[in-house]
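For reference, the structure is listed below as structure tokens.
The values are calculated or read from the model by the stated rules, or taken from the named source; none is laboratory data. Keep in mind the model is a prediction, meaning the values are calculated, not measured. Every residue, glycine as well, gets a Cβ built from its backbone with ideal geometry; the counts of neighbours run over all protein chains shown. SASA here: full protein model, heavy atoms, side chains in, ligands and nucleic acids out. Shrake-Rupley method; radii C 1.70, N 1.55, O 1.52, S 1.80 Å.
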Amino acid sequence: MDALLDGMIASGELPADINRKAVTVEPPRDASHGDLATNAAMVLAKPAGLNPRALAEKIAARLDALEEVESVSIAGPGFINMTLTAATWAGELRAIEQMGADYGRSSSGAGVTVNVEYVSANPTGPMHMGHCRGAVVGDALATLLEAVGHKVIREYYINDAGGQVDVLARSAHLRYAQALGEDIGEIPEGLYPGDYLVPVGQALAEEYGERFVGAPEADWLVLFRTRAVAAMMEMIRSDLALLGIHHDVFASEAELQAAKKPEAAEAWLRDHDLVYDGVLEAPKGETPEDWEPVELPLFRSTKFGDDQDRPIKKSNGSWTYFGADMAYHFQKAQSADQLIDIWGADHAGTVKRIQAAVAALTEGKARFDVKLVQMVRLLRDGEPVKMSKRAGNFVTLADVVREVGKDVVRFTMLTRKADAQMDFDFAKVVEASKDNPVFYVQYAHARIASLGRKAAEAGMALPAPDLSRLGTEELALVKLAAQYPRIIEAAAQAREPHRIAFFLGDLAASFHSWWNMGNDDAARRIIVVNDAHITAVRLFLAQQIGQIVRNGLALMGVEALSELQ
RNA sequence: GCGCCCAUAGCUCAGCAGGAUAGAGCGUCGGAUUCCUAAUCCGAAGGCCACAGGUUCGAAUCCUGUUGGGCGCACCA
């Protein structure tokens, strides 16, 4: 299309300064209009000084001359519809076979490194279902970006410097005392009650004996914190591994602070008058009683669209979460061209300030997106499951994955766009019933795999497939399958991995439909025992569909099954 | 009070940077199993795309406002 427009500019039919971005070429919603449609005539009519229909005629004439194009028609206000030759589609089908697992991959993102930070759960306990969606979405997005040629860094930020890890250390100290025979009774309010700290306490007891019993906190806090965090991260890594998730980089907030990164960022910002000492206004709405005006170092996030300047240090001189996070993002931007954070929707309120900080520190150079993943409401027997980390009654990720399998969890989490809320009906997922769309897609793949086995059993000698024998229904399936690369490209562009799941659902539906034609009419089956030629063609098509299903599932981190029990 | 996200069939959701008659699954109703896996398929019913304006050849999609729901709102993490 680009070449065609070039030709028209060269011949003076179009002015040179046209806006090409508005020109689209895509399959029309209604297949009866043709294989491809373009709005070029309507978009370009004004600058060309022609009415859309007249321009459409000129473009259509040129399109018609192309070898791949079977026929062209003009419709409505100036749509140009094209039908491609069967040979063109057959060629696309062969391309799927030749490229195999690479079909759909591209290099459009080559040379651009993207850092995807996801999960980053606080190291204070095992992963629970609340973390699950962000983990899956982040991981699938990372894989998707790799598929279009980006270099991707998968990163996890360990929040090991705040008050919550001190609480963790105290909780571990209690378990340590318990391991040495002390009766600790009820876990006090404000400490983590989970059993997962018991082994941590035991290990510390074995190593240090009674040395820290009744000792002042200053003697053991750092040690216990370090050990407990390490143990929690170990646990989190193994939970993530159950989902097939592995990060390249684990960045520690404590190390970042030890390396004085926040100080460096502050100095730079002060030089540029983006940090100043000031007093925050009282919070809007109900003012807490203990609120007092205090002078703090503030970042001018209002300059970048935030509604309030944000403190980077607390009144006790330590860094706020934001202060450290700002430095952390600056660090990430050193080794990547683009940054993506996957956050839970409960952090939505802090998006603007961090975007402001990144814009300031990178002087607007780094593309930075925060993808908010909405809450997942867990249902059991139709009732919402209440979870609280404090109370220790959360549903762990590991439990769910062990029960229903990683593939079901991963696929299910990708069947909704990330910024829409989602109900996760626990009972249905545990049942692994037909309500899980993953089975629908898997079933299609299993059927395709069984075709290969059946053909082999029948002992048919299959000739090389003659693709000119593809029928109308088969060609329709080829056309749908051929959209796969476009879907991947668009999904990567929009950073929406769920589109893959929907496409696979469509593809599986078309395949099942095609398959079932054989139920009404034996001559329409894929394997026709007395016709090796038609069997060869249909089997070839089925296998390429299977290839695409495998490719799509691979991007989602889901294994394609060859058999269902 | 303020900010962010959302609003599409009875229910759960798609709708690909504005395109032609708005789609799917579930549910409801009616069909298809001596047959390559019926865990599937075919058909029917079901819509003021929350509401009101605007932008243009053209809006579910973009802009403004309203209503309704979710999340958040000190130096927490």
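Structure notes:
- Rounded percent of accessible protein surface that carbon and sulfur make up, region A:452-553, 1.4 Å probe: 50 percent
- Expected 222 nm ellipticity per residue - DSSP helices of 4 or more, -39500 (n - 2.57), all of chain A, to 500: -15500 deg cm²/dmol
- Between amide H atoms placed 1.01 Å from N, distances below 5 Å from A:Asp35 occur with A:Met82, A:Thr83, A:Leu84, all of them 5 or more places distant or on a separate chain.
- Qualifying GluC sites (Glu not before Pro) in region A:189-219, DSSP loop, other Cβ atoms within 10 Å at most 14: A:Glu189, A:Glu210
- A:Asp2 exposes around 90 Å² of accessible area when a 1.4 Å probe is run over every protein chain in place.
- Residue pairs exceeding 29 angstrom between C-alpha atoms, taken from A:Lys303/A:Lys417; A:Lys46/A:Lys371; A:Lys332/A:Lys417; A:Lys260/A:Lys406; A:Lys261/A:Lys365: A:Lys303/A:Lys417; A:Lys46/A:Lys371; A:Lys260/A:Lys406.
- Using a probe of 1.4 Å on the protein chains alone, the accessible area found for A:Tyr484 is around 10 Å².
- 5 angstrom amide H check on A:Arg367, placed H, neighbours 5+ away: A:Leu339
- When the convex hull of its Cα atoms is viewed from all sides, chain A shows a mean projected area of 34.9 nm².
- Centre-to-centre separation between the Cα atoms of region A:116-151 and those of region A:226-260: 13 Å.
- Region A:1-85, accessible surface, carbon-and-sulfur percent (1.4 angstrom probe): 52 percent
- Peptide packing for A:124-134, A:520-530, A:260-270 was compared via the average number of neighbouring C-beta atoms within 10 Å per residue; ordered from the highest value, the list is A:124-134, A:260-270, A:520-530.
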